[in-house]
Amino acid sequence: MTENKITYAIEAADLNLYYGETLAVRDIDMQIEKQKITAMIGPSGCGKSTVLRAFNRMNDLIPSAHATGSVLYHGKDIYDEDVDPVEVRRRIGMVFQKPNPFPKSIFDNVAWGAQINGYQGNMDELVEESLRDAALWDEVKDKLDKSGLSLSGGQQQRLCIARTIAVKPDIILMDEPASALDPIATLKIEDLMHELAKEFTIIVVTHNMQQAARVSDFTAFFNLGEDHAGVLEEYDVTSNIFTNPKKKTTEDYITGRFG
Amino acid sequence: MKTNKLILTLFVLIVASLALAACGGSAESIAAPQTEDEVAEPQTVAEESAEEASAEEMHEGMLPMVDPTALSGDVVSAGSSTVFPLAEVMAERFLDEGFAGQVTIDSIGSGGGFERFCETGETDVSNASRPIKDSEVESCGALGRTPIEFRVGTDALAVVVSKENDFLSDVTLEELAAIFSTAEKWSDVNAEWPAEDILRYIPGTDSGTFDYFVEEVFDKDEAPILGASNTQLSEDDNVLVQGITGSPYAIGFFGYAYYAENAERLNIAAIDGIEASAETVDAATYPLARPLYIYSDASIMQEKPQVAAYINFCLTYVNEEIVEVGYFPANPAVLEAAQQAWLEAMGQ
Amino acid sequence: MTQIKEKEGFADNLPQRHRSGGFWSRLFQISTGVGIVALIALLLNITNSAFGYVATENKIDPETLAINGIPLEQLHPIDLTYILEQNVSAGFFRAQNNEKPFEERTREEIYDLVIERVVEPEAAATWSLFDSLVHKDKINAEVAEKYPNAELSFQSWINGSFLLSPQSADPERAGVRTAVLGSLWVVTITLLFAFPMGVGAAIYLEEYAGDKWFNRLIQTNINNLAGVPSIIYGILGLAIFVRGMEPITSGAFLGPVDPTTANGRTILSAGLTLGLLILPLVIINAQEAIRAVPGSLRQASFGLGATKWQTIWHHVLPNAIPGILTGTILAVSRALGETAPLVVVGASTFITFDPTSPFSKFTTLPIQIYQWTSRPQDEFRNIAAAAIIVLLIILLSLNVVAVYLRNRYSQKI
Amino acid sequence: MQNSIDLRKKRRWGETLIQASLFIAGAFSILTTVGIVYELGKEAMNFFAQVSLWEYFTGADWNPQIDQFGIWALLNATLMTTFIAMLVALPIGLSISLYLSEYASHRARRTLKPILEVLAGIPTVVYGYFALTFMTPLLRGIFGRDVVDIYNTASAGIVIGILIIPMVSSMSEDALSAVPRALRAAAYGLGATKLETAVKVVLPAAISGIMAAFIVAISRAIGETMIVAVAAGAGSNFTFNPFEAAETMTGHIVRISGGDLSYDSIDYNSIFAIGLTLFFMTLSLNVISQRIVRKYREVYE
């Protein structure tokens, strides 16, 4: 293993993803920079979310899904036989499109993940710290024993982020984290992503190109290939993608000519 | 009312003529069931002699011959689960011989049977494994019913032990009383018996069998048998069989039929030296023989010829079937009394 | 290869977590296994009695019935009729002749009748399926010793004539026809009453009822009714349906009936009683199913301008139907297997005619089964087992229908 | 004014009618209860005219033949069999439901679930004989013939447990399956194992439905009649030993109502008093469990 390779947070090589017999995403090669925000954009159904989920083996939960090729994390292919998906997921966390707090108290929502993962430090501190990092502390500090479901949508999503960072992952995968939220809540999430990027590597799937332009350092543009499988059309520094795309389809997409 | 009387008279005439033609086969058939050979000709007689026959020609104390094919309507009966198998056989034969109506029998216990007969007046016939109680007669009175008792057979109680038991083959009533009450160990009753705990298996306290046993052995006092230790009760005799076969020191009692079916696993004890058999039960020397009854009411029998005929049929043929069911025939004198009761109920 | 460093502050507990995960998952599997094994043990217990060797002895040896050296099976119909006349009761002979004169009957018909009523093959001894399969030699020896005249044959107690014959006091002739028809009639009435009523109540409680004391009372009450012993429903059914509503349950309201025999102890009363019994079960299950339908669906429907009922009918119910069906299967299974309340309501123990309307007298399979298991003779236990298998087959077919419906609706969503 | 939009409330008669009939369906159960209490109460009055409430509720001996009317002898046996049944049915039933909903393949679930449901339809008298001829010998084999009576509450309780397993597992499985997938995804996303997801996230989220299943199951166990009638013995006995015979309340009711006793005897009347007691017992159990469920019930979305 060369030093060079480990400079990336995670990298996919020749990654093909299938649902049953259907090839959903084809030949993905991409390297994700550490402590940067990488945005994945593209038209609906082109497999962005599928690729995102492939990064922490969430696709395992769909019985028909399987993958070929490799996803290297710390030099190790996470699809190797001997890799434990649970181990992968505790290091590569995930925030979902719709806020999905557990039907537990706010405190337990944050503490639960850390607890099962054998956190040995002071739980109160960890919860406070995580909630602060998720910019939620001030809003909930007086009602930590209230149900997580009692919060507003934006608060719930930040709670889900707090819950994710409480297990101290390397990488946070975000699947359209703000699509269900109003503009103000969205802005808050975006600010939060900037903050989090100081500590974590973030990969975010978004439909919102302004958002991608605003928050990300790198952007990957996915598109549907001719065989109806998703392909990685172009992957570059965000400013290049938006100002100087190399491909015609990328330009068409970001200027709103299709999609 | 008038038409009813007319029908009744006609009916009596027909059956009387049949009885005549059959040369009183019924009375003998009680003693000797194999009388079929003699009854080949009645159907021809029945057709031509209906008008000629008259009630006077009937023999005294003899039931008229039943022709089920001439009858229709329903016979609704309910009551004792002990009598049920016997009633079932009789009803089935009644239907087999051409009864065009419907017979139903509900097995709901003697008490339930009397409730439907005396309290709600739903049934025509009540099956019982115990005599009717005064209070039940009273409520029957309120409905305008006077229960008439017909004895149809006898169920001997078998006192049984497991095949593994090698010491008990004969027991006196006094010993029985001790075994089922105060005695703790077998040796308490008889010094020759082992010093092992007695395990008792008896029918449920609501059953006629229990009542009868208490009446005969404890003179109606239930306290001793209920106070006995190691006493297991079950309402289901098959369940008792299971229990008694489980230990050489177990003892129990129940209807003879359950012993007969499990004779390879159980030993029956003679009571006061008398073994249960057709003769001893018939001669009423076997001490634990329990009567089985059916009840009805004169006005029902007169209004519904099919009910009268059904009871008549039971009384006439019960002894041909009862052994097969697992019970003992009632004493001829007793059966004759029942037949007399039938005749009286029908106004003869 | 680079070793991934353990995360700061977190114990390396994963192997242990996987161990306990594996342990519990095995435990869950074992539990499921135990459930299945219990079922199999039960079924084997039943099957064991429903099949097996039977030693059949003839009451009268056919050879003794030969006339002038001509064996029974070759006798002329007239001779057969004569044999019959000599050996059965006069009443039976007469009834048979009335039904169809012997002169008009074929030789086979008379011969069958002679075999059934005169030769009268009877089970002298029966063996369980297990013994029949494992100890065949022992059985052969036993038969040779104890029943020298008997013929040993393997018998399925559940067979065509068992299904088609009405009851009988003779276990060899007895069948479940009346009981099966009675059970089907009763359970149909039960279903017709309890399903709409139960689902309606569940909809009311989940979709309409606010958190008012009265609605809370209804809820508590329904949960409570689920635990009332079935025999108490029998007492209630007796009071309400058999006695209180007799003009309706006896069919008298439809036209004149024979007042001396018609009463409220009918299929309708029994069906309604069992309906009351399973109603809470249907309601509770339906409520859970309705509650599991996501609120977003309702909002979507309201958002399109649908009324409350339209929302329920088009969106909530179709989504809840699999759960509702589960509850209904369980409830109907229970109704089919009930004994005690029907005894009180008045199922007949002996009845030989088929039920033809909701106002008929009836019996049901469990009543038959209960009655047969308490008889002393072994053969009754054999036919009880056969009747249980019939009941299970009915249940399974009901299940198949429900599962089919359940899967069909599940796939739609 | 033509073509203007009318936003005023309209009376939708169809809707009102539907709502009214649904209300009647819901309120119908109240009538049932009133009917039960009235019917039982009427006859129970006859009983309590002769037996004092004090004796009834404090006595531990039940022998109507010798005028002992202490309900505890029967009540205790009912509680014993119910408790044993719960020990069997709740863990096994819940495990099966977890296995079916979280572990088993779709196909396995589709076959196993109906098979288990068939268990619920076997007439309970069959279970009774199963207890007597299979479970009791088994227990006697394990604990010794001297320890275990031929009729005992343990074997009856275990078999009642087996009877209600399908009820618990089937209803719980429905509740577990209804938990949104997003919750499972969230748990996995945090690095939870399958077990942790199932037990710590899905199970608590489904608790309302599972409790409903438990309530129905407990109620059924209390009310179960034929199994105890056949396998638990028919003599009242106040004991805490599960290997001894003891008659339960339902067992007593069914025995008396099918027996040869006269219908106007006090023993016969007692079945109504027992029925009423049983009714109020399950009522209080339900009120308590309802409180608990209410506390745990969470609303999704």
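Observations, loosely collected:
- The B-C contact accounts for roughly 3500 square angstrom of buried accessible surface, both chains included, probe 1.4 angstrom.
- Accessible area buried, both sides summed, chains C and D with 1.4 Å probe, Å²: 7200 Å²
- Solvent accessible area, Å² - B:Trp193, 1.4 Å probe, full protein context: 20 Å²
- Applying a DSSP loop filter and a limit of 11 other Cβ atoms within 10 Å to the trypsin sites (Lys or Arg not before Pro) in the range D:1-93 leaves D:Arg8, D:Lys9, D:Lys10, D:Arg11.
- Solvent-accessible surface of the range B:158-287, averaged per residue with a 1.4 angstrom probe and all protein chains in place: 37 square angstrom.
- GNM top mover of D:Thr16, D:Thr133, D:Thr58 - chain D, alpha-carbon springs below 10 Å: D:Thr16
- In chain A, the portion of solvent-accessible area held by carbon and sulfur atoms comes to 47 percent [1.4 Å probe, whole percent, DNA, RNA and ligands not counted].
- Degrees separating the helix D:266-296 axis from the principal Cα axis of chain D, which is the longest one: 30 degrees
- Fraction of beta bridges assigned by DSSP in chain A that are antiparallel (%, nearest 5): 60 percent
- Per residue, the accessible area of the range A:115-257 comes to 44 Å², computed with a 1.4 Å probe over protein heavy atoms only.
- Alpha carbon centroid spacing (whole Å) that separates the range A:53-131 from the range B:242-259: 67 Å
- B:Ser229, C:Ser269, ranked by accessible area, largest first (probe 1.4 Å): B:Ser229, C:Ser269
- Here, the range C:177-412 has an Rg and a Dmax of 20.0, 69 Å when only alpha carbons are counted.
- Reported to the nearest whole Å, the Cα centre-to-centre distance from the range C:52-79 to the range B:144-198 is 45.
- Calculated [222 nm] ellipticity per residue, helices only, for the protein assembly as shown: -16000 deg cm²/dmol; basis is -39500 (n - 2.57) per DSSP H run with n ≥ 4, divided by all residues, nearest 500.
- Shielded residues, the range D:169-191 - accessible-area loss of 30 Å² or more between chain alone and all protein chains, probe 1.4 Å: D:Met171, D:Asp174, D:Ala178, D:Leu183, D:Ala185, D:Ala186, D:Tyr188, D:Gly189, D:Leu190, D:Gly191
- Mean-position separation - Cα centroids, the range B:301-348 and the range D:194-214, in angstrom: 66 Å
- Counting only DSSP beta bridges with both residues in the protein assembly as shown, the antiparallel share comes to about 65 percent.
- Per-residue mean of C-beta atoms belonging to partner chains within 10 Å, peptide D:231-244: 3
- Heavy-atom accessible surface of the range D:54-296: percent carbon and sulfur, 1.4 Å: 65 percent
- Relative packing of peptides C:134-142, C:290-298, A:97-105, A:168-176 - highest average C-beta neighbours within 10 Å first: A:168-176, A:97-105, C:290-298, C:134-142
- Taken per residue, the accessible surface of chain C reaches 42 Å², heavy atoms only and a 1.4 Å probe.
- Exercise: per-residue mean of other protein chain Cβ atoms within 10 Å, B:240-251: 3
- Interface area, A with C, accessible, probe 1.4 Å, both sides summed, Å² nearest 100: 1600 Å²
- The order of the peptides C:346-355, B:235-244, C:114-123, B:276-285 by mean Cβ neighbours within 10 Å, most packed first, is B:235-244, C:346-355, C:114-123, B:276-285.
- Average beta-carbon neighbours from other chains, 10 Å sphere, peptide C:206-216: 2
- Dimensionless Rg over Rh [the range D:158-284; C-alpha; Kirkwood]: 1.19
- Nearest 10 degrees, 0 to 90: helix C:378-412 Cα axis against chain C principal axis: 30 degrees
- At 1.567 mPa s and 4 °C, Stokes D of the protein assembly as shown from Kirkwood alpha-carbon radius, µm² per second: 36 µm²/s
- Carbon plus sulfur fraction of accessible area for the range C:177-412, probe 1.4 Å, in percent: 66 percent
The values are calculated or read from the model by the stated rules, or taken from the named source; none is laboratory data. The structure presented is a predicted model; accordingly, all values stated were derived computationally and were not measured. In this analysis, Cβ positions are derived from the backbone assuming ideal geometry, glycine residues included, and neighbour counts consider all displayed protein chains. Accessible surface is based on the protein model in full, side chains and every heavy atom, while ligands, DNA and RNA are left aside. Shrake-Rupley method; radii C 1.70, N 1.55, O 1.52, S 1.80 Å.
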